[in-house]
Amino acid sequence: MKKQATNNTTLGNAYITSGSCYQKLAIDTAKIMNAPFLPVETKTFSNSERYVRFNESVRGKHIFIIQSLIATQGSSVNDYLMELILLIDAAKRSSASEITVIIPYFAYSRQDRKARGREPISSAILSQIIQQAGANRIVSVDLHSPQIQASFSGPFDHLVAESLICDALEKQMKSKNKMSYVVVSPDVGGSKTAETFANRLGIDVVVMTKKRDRNNPSKIVHSSSVPGIKDRVCIVIDDMIDTAGTLVSAINIMKKSGAKQILACTTHGIFSGEACERLKSSPIDKLFSTDTLPQNSIKEVMGNRFKLIPIAPLLGEALRRVASGESVSYIFHDNNYK
Ligand code: R5P
């Protein structure tokens, strides 16, 4: 992550806040930005409707609302989405001067086009709802597809975790012989990202093909072998791991094709459903994930086979730049829009 060329502009009116889902990330980010964290009162009514209220005045403030769209025990992605909408509305109606919404993991991003007749474009309507509620800007990390930005007509700052993940990988790559490593994309959709990682690490790349059963999306079929990986350390890159069906299916085929070791990396470790159990019993040697979503369960299950890559330093630096009117793309050497 590029840090130089900052100026000493103060953060002025910036306040960081968050709903109830993952406050730790917002508090860590606020500390890094050296900005105050604004507490919010949240509650759930008996019929499951949500309520929010800022505990202090936000009049004239630039409010940064950090809300990852996740599921936790007893609350769904949709509950936290509603909380986010209510927070934006509360900030707008309380005379905040500017509202920046940070959605580290942008839910519904996989439905980014009509793949069949009579379907919604979920990611587009999500952006539109956020805009309609009153957000002036969205910040997100490693969007599943960049065109999601088009559905929001204000500024959309796209952050990429590539540099953080590569730094963690380089510490793990002990051999000096680059030929002993290969980056593997578990599907064609991720090939561009895999190529970027391979170029940066100076190693080869292989792309696998994957099909999903339309009527049973958790059923995944990969090609039966992967050429060019025998006796090599495979670095599997995917933007998200949800049920881990894609990853574990790919890993099993890599192992059959002679992979010596498997390192898997993701930005968004969703780990829903049976993911933790699947990964625990898989032949994965090391799993790297950022914490755009909380990572407590997977950490517990995988022990030292799991490496957490904190995202707060990247969010903190990017939001500090947004608040003080500096370039965000500078952090990524202008390579954050691909
Ligand atoms: C697909 O396009 C994505 O990049 C991921 O490969 C996929 O969404 C992961 O989902 P799961 O872990 O449930 O297979």
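Compute the angle between helix 23-33 and the longest alpha-carbon principal axis of the chain, please, reported from 0 to 90 degrees and rounded to the nearest 10. In the chain, helix 23-33 runs at an angle near 80 degrees to the longest axis. Would you work out if the stretch 22-87 is rounded, prolate or oblate? Take a ≥ b ≥ c from the square roots of the eigenvalues of the alpha-carbon gyration tensor; rounded if a/c is under 1.5, else prolate when a/b is larger than b/c, oblate otherwise. Oblate is the answer for the stretch 22-87, as a/c is 1.5 or above yet b/c matches or exceeds a/b.
Does the chain come out rounded, prolate or oblate, given a ≥ b ≥ c as the square roots of the eigenvalues of its C-alpha gyration tensor, rounded meaning a/c under 1.5 and, failing that, prolate meaning a/b above b/c? Verdict is prolate for the chain. With the convex hull of the Cα atoms taken as the outline of the stretch 68-118, the averaged projected area works out to 5.3 nm².
Distant-in-sequence amide contacts of K210, defined by a placed amide H-H separation under 5 Å and a gap of 5 or more residues or a different chain, comprise V188. Computing FRET efficiency as 1/(1 + (r/R0)^6) for K24 and S297, where r is the C-beta to C-beta distance and R0 is 22 Å, gives about 0.90.
Using only side-chain charges placed at the Cβ, +1 for Lys and Arg and -1 for Asp and Glu, the dipole size of the stretch 138-253 relative to its Cα centre rounds to 460 debye.
Measuring spread by the Cα atoms of the stretch 135-281 yields a radius of gyration and Dmax of 16.1, 51 Å.
Taking 24 Å as the limit for the C-alpha separation, the pairs K31/K171; K114/K299; K178/K255; K255/K280 exceed it in the case of K31/K171; K114/K299.
Scanning residues 5 or more positions from R137 or on other chains, those with amide H under 5 Å from its amide H are I99, V101, with H placed 1.01 Å from N in the peptide plane. Can you classify the stretch 133-220 as rounded, prolate or oblate using the Cα gyration tensor, where a ≥ b ≥ c are the square roots of its eigenvalues, rounded means a/c under 1.5, and otherwise it's prolate if a/b beats b/c and oblate if not? Here the stretch 133-220 falls in the oblate category. Each residue of the stretch 98-114 was assigned a 3J(HN,Hα) from its phi angle through the Karplus expression (A = 6.51, B = -1.76, C = 1.60, θ = phi - 60°), giving 8, 10, 10, 9, 10, 10, x, 10, 8, 5, 6, 6, 6, 9, 9, 6, 7 Hz with x at Gly and Pro. For the chain, the longest principal axis of the C-alpha atoms and the axis of helix 122-133 are separated by about 20°. A Cβ-based charge dipole, computed about the Cα centre of the chain with Lys and Arg at +1 and Asp and Glu at -1, lands at about 720 debye. Relative to one another, the C-alpha centroids of the stretch 201-270 and the stretch 156-191 are positioned 13 Å apart. Between the helical axis of 312-324 and the longest alpha-carbon principal axis of the chain there is an angle of about 40 degrees. Between amide H atoms placed 1.01 Å from N, distances below 5 Å from V226 occur with S257, all of them 5 or more places distant or on a separate chain.
In terms of distances greater than 22 angstrom between alpha carbons, the cross-link table entries K24/K174; K176/K230; K174/K260 yield K24/K174. Note that the stretch 23-173, at 4 °C in a medium of 1.567 mPa s, gets a Stokes-Einstein diffusion coefficient of 77 µm²/s from its Kirkwood radius over C-alpha pairs.
Each value in this text was obtained by applying a stated rule to the coordinates, not by laboratory testing. Everything numeric in this text was worked out from a predicted model, so none of it was measured. Note: ideal-geometry Cβ built from the backbone for every residue, glycine included; neighbour counts use all protein chains shown.
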